[in-house]
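Chemist: Pasting a structure below so you can have a look.
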Amino acid sequence: MSEADQADALFTLLRERRSVRAFKDEPLPRELLEKVLDAAVLAPSASNKQPWRFFVMEDRAKLRALAAEVRAEKERIGAHIPADFAPSFLAYGDYFTRFENAPVVLAPAARPLTVLSNLVSEALDQTTRTTIARMEEESGLIGTSLAIGNLLLCAHALGLGASAMTGPMIARAAVTKAFGVPDGWSVVALVALGYPAEVPDRTERKDAKSVTRYVK
Ligand SMILES: Cc1cc2nc3c(=O)[nH]c(=O)nc-3n(C[C@H](O)[C@H](O)[C@H](O)COP(=O)(O)O)c2cc1C
C-alpha cells in the first residue's frame, strides 16, 4: 500500500470511529480483546515508561452493581444542583452508566512518571518541585490516554464498538475497588467494549483551522 493510501485508510478509520454505548448480547472473543490491548501498548509514553495497566471486567453482575453505585453517586450529587438544572444534569448523568451492558469493560489506569522528582534535592524550591510533580503526573495520564486512543481506534478497525467514559469516575472509590486497582495506580476512565448494537451518528467537529493558533 502506498503512503497516500495508508494515510487515506487511517483517515477513514479516524473519521468513522464512533463512541458506541449499546452492545449486542454477545461475548467478546478473548483474541479480539487481546488485539485491542496489543494496539493500546503501542502508544508512545514519556521516557517510554509505559505508565499504564488495563484492568478487565467481564462479570455482568459486578458491572451492574458498579453502575448502581455510579447512579447512586449521580443522584447524591444531583441533590446539590439548582432545581432549574436538575433535569439536564440527570440527562447528562445518564451517560455515566452506559458501560453497564457491555460484555467487557476496561479500567485503564495510570501512574505518574518518577524520573526527575527522584533526582532533585529538597533544596530545590517548592514551586519548581510542584511543577515537576505536575509534569510527571500529567505524563502518566497522557501516555495512558494515548493508549486508550489506540485501543478505541483498533476496536473500530476490528468491527467492534467502544467508548471511553470518565463519567463513572464520579464514583472513583467504587471503581477502584470493583476493579481491584492497587495503590499507586489511578483509573483514568472506563472503556466499554463489545459488538455494537447501535452506532451513533457522526458528531460535529470544529475544523482544525478554527482551533489552531500560529504563534508569531
Ligand atoms: C475523556 C472522555 C470522556 C468521556 N466520557 C463519556 C461518558 O462518561 N459517557 C459517555 O457516554 N461518553 C463519554 N465519552 C464519549 C464522548 O461523548 C464522545 O467521544 C463525543 O461525544 C464525540 O463522539 P464520538 O466519539 O462518537 O466521535 C467520553 C469521551 C472522552 C474522550
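The values are calculated or read from the model by the stated rules, or taken from the named source; none is laboratory data. Treat the numbers as computed from the prediction; the structure is a model and nothing was measured. Note that each Cβ is placed from the backbone with ideal geometry, even for glycine, and that neighbours are counted across all protein chains shown. Quick note on the areas: whole protein, heavy atoms, side chains included, nothing else; ligands and nucleic acids left out. Shrake-Rupley method; radii C 1.70, N 1.55, O 1.52, S 1.80 Å.
Chemist: Applying the selection to the range 117-134, what residues are of a type in the set (A, V, I, L, M, F, W, C) and surrounded by 10 or more Cβ atoms within 10 Å (Cβ to Cβ)?
Modeler: Result: V120, L124, I132, A133.
Chemist: Shifting gears a bit: How many residues are closer than 24 Å to T166 by Cα and either more than 16 Å from the ligand (Cβ to nearest atom) or in contact with a helix residue (DSSP H, G or I) (Cβ under 9 Å, 6 or more places away or on another chain) (or both) if we restrict to the range 5-59?
Modeler: Number of matching residues: 38.
Chemist: For S2, state whether it is at pLDDT below 95, more than 16 Å from the ligand (Cβ to nearest atom) and of a type in the set (S, T, Y). Lay out the reasoning, then the answer.
Modeler: Numbers: at pLDDT below 95: yes; more than 16 Å from the ligand (Cβ to nearest atom): yes; of a type in the set (S, T, Y): yes.
Yes, satisfied.
Chemist: Here is a check on your reading of the model: is R17 at pLDDT 95 or above, closer than 21 Å to L158 by Cβ, basic (K, R) and open to solvent by less than 80 Å² (accessible area, probe 1.4 Å)?
Modeler: Working: at pLDDT 95 or above: yes; closer than 21 Å to L158 by Cβ: yes; basic (K, R): yes; open to solvent by less than 80 Å² (accessible area, probe 1.4 Å): yes.
The answer is yes for R17.
Chemist: Any residue in the range 1-29 that is at negative phi sitting within a Cβ distance under 7 Å of a residue that is at pLDDT below 95 and among the β-branched types (V, I, T)? List the pairs, counting only those 6 or more apart or interchain.
Modeler: Qualifying pairs under 7 Å: R18/V199; V20/V199.
Chemist: Here is a further query. Inspect all residues belonging to the range 123-132 and state whether any of them is closer than 14 Å to V105 by Cα and of a type outside the set (A, V, I, L, M).
Modeler: Pass one, the range 123-132, residues closer than 14 Å to V105 by Cα: none.
No - not one qualifying residue is present in the range 123-132.
Chemist: Still on this structure: Examine the range 83-92 for a residue that is open to solvent by less than 80 Å² (accessible area, probe 1.4 Å) and modelled with pLDDT of 95 or more, and state whether such a residue exists.
Modeler: no
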